[in-house]
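The structure appears below as structure tokens.
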Amino acid sequence: MGRFGITIRFAALAIVWGASFLFIKVGLTGLSPAQVALSRICLGALALIAIAAWRRKPLPRDPALWGHLAVVSVLLCVIPFLLFSWAEQYISSGLASIFNATTPLITMLIAAAALPSERFTKARTTGLILGFLGVLTIVGVWQGIDVSHELTAQLACLGATTCYGISFVYVRRFISWRNLDAPTIALGQVCCGAVVMLVLAPFIATTPVRLDTTIVLSMIALGALGTGLAYAWNASIIAAWGASNASAVTYLTPVVGVLLGVLVLDEPLAWNQPAGALLVVLGILAAHGRLSPRKKVEEPVAV
């Protein structure tokens with residue numbers, strides 16, 4: 001695929017991942033948080049199965065690998081999807097997308113604790129400090145801590161990104177060395193996650209359902225595009241541009257998420273939310289040496 005085609009995929013990826021929080025919000029108008037998560041992961045699994053059938057590449061047969069993929073599916077799909085869906089009952093989709101942008105910094109913090117090769121450097125420490133200040137700005141700590149659903153929802157978003165961080169480190173330690181391609185890893189983890197959600201569904205996804213065209217289309221976009229096809233796009237971008245350049249989508253998704261929330265859902269936007277998001281993005285840039293003219297640090301992207 002040519003440079004123009006990859007650029008189109010990069011733009012589409014930023015839009016789809018940024019819009020995921022809008023789709024969740026729309027889905028919640030007729031579905032419970034668990035039903036949104038169930039729809040998302042099952043539709044994503046179907047999309048990835050279709051891609052695998054088209055690629056005609058055999059699936060791995062190692063039982064130990066599938067065990068690791070099952071663990072990753074819970075950390076990368078099941079728990080975060082449930083937490084973000086629950087949180088958006090109480091906070092805006094734009095704010096949820098901003099919290100999602102903390103994933104690279106939380107991943108770095110967990111990697112430093114779990115992987116001997118990921119020690120803290122001056123750049124990483126600076127980035128983490130900026131990111132932490134960004135989170136405090138988003139929460140608005142100067143207004144006082146009010147233990148409410150809104151604060152709990154924000155903590156749930158951070159819990160989701162913490163799960164992302166743990167899963168990325170887990171993938172790096174137990175799966176990456178197997179030299180599997182990204183679509184195969186994505187297929188395994190999303191399909192395992194779908195199985196887990198289907199087992200849990202009779203216990204957590206039993207509330208009445210109200211569907212209309214908007215909700216159905218939102219769930220299809222959230223699942224088939226945001227949780228399915230987007231993984232394949234991301235893999236092709238990494239192959240063409242490298243992990244460091246591909247990771248720039250992290251900086252664009254909260255911008256898309258906030259804009260769509262304001263323009264489509266008429267969500268309010270306090271000044272501290274984009275200000276905090278800017279500090280988080282600066283933290284990511286600083287942590288990976290991109291604010292310095294010196295040699296940049298390659299940033300891995302897990303999918």
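The values are calculated or read from the model by the stated rules, or taken from the named source; none is laboratory data. Treat the numbers as computed from the prediction; the structure is a model and nothing was measured. Here the Cβ is made from the backbone with ideal geometry for all residues, glycine too, and neighbour counts use every protein chain on show. For accessibility, only protein heavy atoms count, side chains too; no ligands or nucleic acids. Shrake-Rupley method; radii C 1.70, N 1.55, O 1.52, S 1.80 Å.
Please give the FRET efficiency for S148 paired with A114, using the beta carbon to beta carbon distance and R0 = 30 Å, rounded to the nearest 0.05.
Values: r = 33 Å, r/R0 = 1.10.
The pair S148/A114 has a calculated efficiency of 0.35.
Two tests apply to each whole DSSP H helix in the chain, Cα reach of 30 Å or more along its axis and mean Kyte-Doolittle hydropathy of at least -1.0, and the ones passing both are 3-27, 33-55, 149-174, 182-204. Relative to a virtual label point 7 Å from the Cα of L211 in the Cα→beta-carbon direction, which members of segment 218-242 show backbone nitrogen distances below 15 Å? Under cut-off, by backbone N: 218-224.
Estimated at the nearest 10 Å², the accessible area of C191 is 30 Å² with a 1.4 Å probe. For segment 1-120, report the accessible area per residue in Å² (1.4 Å probe, heavy atoms, rounded to an integer). With the other protein chains kept in place, segment 1-120 gives 43 Å² per residue. Accessible surface of M219, taken over heavy atoms with a 1.4 Å probe and every protein chain present, rounds to 10 Å².
The slack in the chain from D62 to W241, taken as 0.36 nm per residue of separation less the alpha-carbon distance, amounts to 61.4 nm.
Please label the shape of segment 1-103 as rounded, prolate or oblate, based on the square roots a ≥ b ≥ c of the eigenvalues of the alpha-carbon gyration tensor (a/c under 1.5 means rounded; beyond that, a/b larger than b/c means prolate, else oblate). Oblate, since a/c reaches 1.5 and b/c is not below a/b.
The mean of 1/r over all pairs of different alpha-carbon atoms in the chain, once inverted, gives a Kirkwood hydrodynamic radius of 19.5 Å. Ordering W54, W241 by accessible surface, largest first, gives W54, W241; the 1.4 Å probe counts only protein heavy atoms, with every chain in place. Dividing the Cα radius of gyration of segment 39-95 by its Kirkwood radius returns 1.11 for Rg/Rh. If you wrap the tightest convex hull around every Cα atom of segment 28-70 and split its volume per residue, you get 72 Å³. Computed on the Cα trace of segment 45-169, the radius of gyration divided by the Kirkwood hydrodynamic radius gives Rg/Rh = 1.06. Mean residue ellipticity at 222 nm, helices only, the chain: -23000 deg cm²/dmol; runs of at least 4 DSSP H residues each add -39,500 (n - 2.57), and the sum is divided by the number of residues. Carbon and sulfur atoms: what percent of the 1.4 Å accessible area of the chain do they account for? Reported share for carbon and sulfur atoms: 69 percent. The figure for I238 is an accessible area of roughly 40 square angstrom, using a 1.4 Å probe on the protein chains alone.
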